[in-house]
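Have a look at the structure below, then the notes.
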Amino acid sequence: MRVLTVSGALTGDRADRLCGAVREQLALCPRLLGLDMTRVTAVDTAGVRALVHVAHLAAEAAIRLSLVTGASTAVGATLEVNGLAELFEVCVGIDQVVAGQAPEGTRAPARRR
């Protein structure tokens with residue numbers, strides 16, 4: 001399992017950097033990649049595109065991808081408003097990702113294409 005921590009605003013160049021960092025981690029072929037988004041304060045359209053892109057990268061590599069949202073309303077609202085929750089396993093805490101046991105209603109299976 002690998003974990004990337006994302007903090008601050010997921011906008012513009014930061015969104016591009018997220019895609020690059022995820023590509024690097026996926027190249028290591030982990031069984032699971034967790035994105036700790038608990039410290040994300042805002043997500044713009046570039047951030048939404050980056051989230052969709054990393055979900056597709058993980059699906060193409062057949063690697064499980066989990067988003068840890070914690071109490072981050074920025075990420076939770078973005079997933080809900082844009083209908084993105086179905087692309088990810090969404091967990092409240094990193095411990096749930098490790099255990100593979102998110103509480104009911106906080107986890108959606110990652111789609112594989």
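A short reminder: the numbers here are calculations on the coordinates, not readings from a lab. It should be emphasised that the depicted structure is a prediction, and the values quoted were computed from it without experimental measurement. Heads up, the Cβs are rebuilt from the backbone with ideal geometry, glycines too, and the neighbour counts pull from every protein chain shown.
Comparison of 75, 81 shows that the only residue that is of a type in the set (A, V, I, L, M), farther than 14 Å from residue 3 by Cβ and without any contact (Cβ under 8 Å) to a residue 24 or more places away in the chain is 81. The C-beta contact set for region 55-67 (first residue farther than 17 Å from residue 79 by Cα, second residue buried (at least 17 other Cβ atoms within 10 Å of the Cβ) and hydroxyl-bearing (Ser, Thr, Tyr), distance under 6 angstrom, 6+ apart or interchain) is empty.
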